[in-house]
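Each reported figure results from applying straightforward, stated rules to the coordinates on display, with no laboratory input. Just so it is clear, the structure is predicted and the values come from calculations on it, not from any experiment. Virtual Cβ from ideal backbone geometry, glycine too; neighbours counted across all protein chains shown.
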Amino acid sequence: MRAMKNIVILISGRGSNMQAIVKAARAEQWPARIAAVVSNRADAEGLAFAEKAGIATCVVPSKDYSDREAFDRALQTAIDSFAPDLVVLAGFMRILTASFVDHYEGRLMNIHPSLLPNFTGLATHRQALAAGVRVHGATVHFVTAELDHGPIVDQAIVSVMPEDTEQSLAERVLIQEHIIYPRAVRWFIEGRLTIEDGRVRVAA
């Protein structure tokens, strides 16, 4: 029997991807537990969902720290108290320091609302519309020190319609995020992911 793995999820807002992961983990009976939901904002809406679901919550207010390094050290201490096998960024709106990322190398996952390496950073849907691309989407990847880069675990493609606005495109991409992020996390939990030469292999 496989040992249960601990997942810690980081959020800054409503945490819709966090909610999708929690629901999938329970519905599909993963060999894992959501050990904690951690936020840098005490008013993050997702904390209420986590508390109602019986998941431990923790707030490390980024505004209380003078620089990124000090905040990341405090955040790392909080996360490590839950002994995570995997740390999941689910709308965590902070740029993380290299030392933090290195500490969780190979066990820090993020989702980005574009088909990486295209449209890194913010306002990805606006960038996609401005570029006139015919397809857009979302990417789950392991985090590296370079922003919005790292070995790609899974992607979902969304067609861009002529009448699309940022909001309509974002809504369709988010539906796909809620499919591929829980799937990617489950693959990790099941030990199906390996990174070779910067590429992720998914075992059958």
Binning every alpha carbon pair distance of the range 109-170 at 10 Å from zero, what are the percents per bin? 24, 53, 21, 2
Could you name the aspartates and glutamates whose alpha carbon sits less than 18 Å from that of Lys63, not counting residues in the same chain fewer than 8 places away? Asp43, Glu45, Asp72
Difference of contour (0.36 nm per residue) and Cα-Cα distance, Asp43 to Arg26: 3.6 nm
Phi-derived 3J(HN,Hα) across the range 136-142 with the Karplus relation (6.51, -1.76, 1.60, θ = phi - 60°), rounded Hz, x for Gly and Pro, is 9, x, 9, 9, 9, 8, 6
Please list 76-82, 165-171 highest first by mean number of surrounding beta-carbon atoms within 10 Å per residue. 76-82, 165-171
Scalar couplings 3J(HN,Hα) for the range 185-195 by Karplus 6.51 cos²θ - 1.76 cosθ + 1.60 (θ = phi - 60°), nearest whole Hz, x for Gly and Pro, are 5, 4, 4, 4, 4, 7, x, 8, 9, 9, 10
Taking 2.2 N^0.38 Å as the expected size of a compact globular protein, what ratio does the Cα radius of gyration of the range 1-97 give against it, to two decimals? 1.05
Count neighbours as other Cβ atoms within 10 Å of each site's Cβ, and list the trypsin sites (Lys or Arg not before Pro) in the range 1-78 that are DSSP loop with at most 12 such neighbours. Arg2
Just for the chain, what percent of DSSP beta bridges are antiparallel, to the closest 5? 45 percent
Rough spin-label spacing in nm, given labels placed 7 Å along Cα→Cβ, for Thr120 and Ala78: 2.7 nm
If each residue of separation counts as 0.36 nm, what is the full-extension length gain between Lys63 and His149 once their alpha-carbon separation is subtracted? 28.3 nm
Mean-square fluctuation maximum in Gaussian network of the chain, Cα pairs under 10 Å, restricted to Leu122, Leu75, Leu86, hits Leu122
With springs only between Cα atoms under 10 Å, which of Tyr181, Tyr65, Tyr104 fluctuates most in a Gaussian network model of the chain? Tyr65
Computed ³J(HN,Hα) along the range 94-104: with the Karplus parameters 6.51/-1.76/1.60, θ = phi - 60°, integer Hz and x for glycine or proline, the list is 9, 8, 8, 6, 4, 5, 5, 4, 4, 4, 10
In straight Cα distance, which lysines are under 29 Å from Lys23, not counting same-chain residues fewer than 8 positions off? Lys5, Lys52
Going by alpha carbons, how many degrees (0 to 90, nearest 10) lie between the helix axis of 68-80 and the longest principal axis of the chain? 60 degrees
The long-range amide H neighbours of Thr144, using H built 1.01 Å from N in the peptide plane and a cut-off of under 5 Å, are His149
Cα-based convex hull volume of the range 5-194 per residue, rounded to whole Å³: 115 Å³
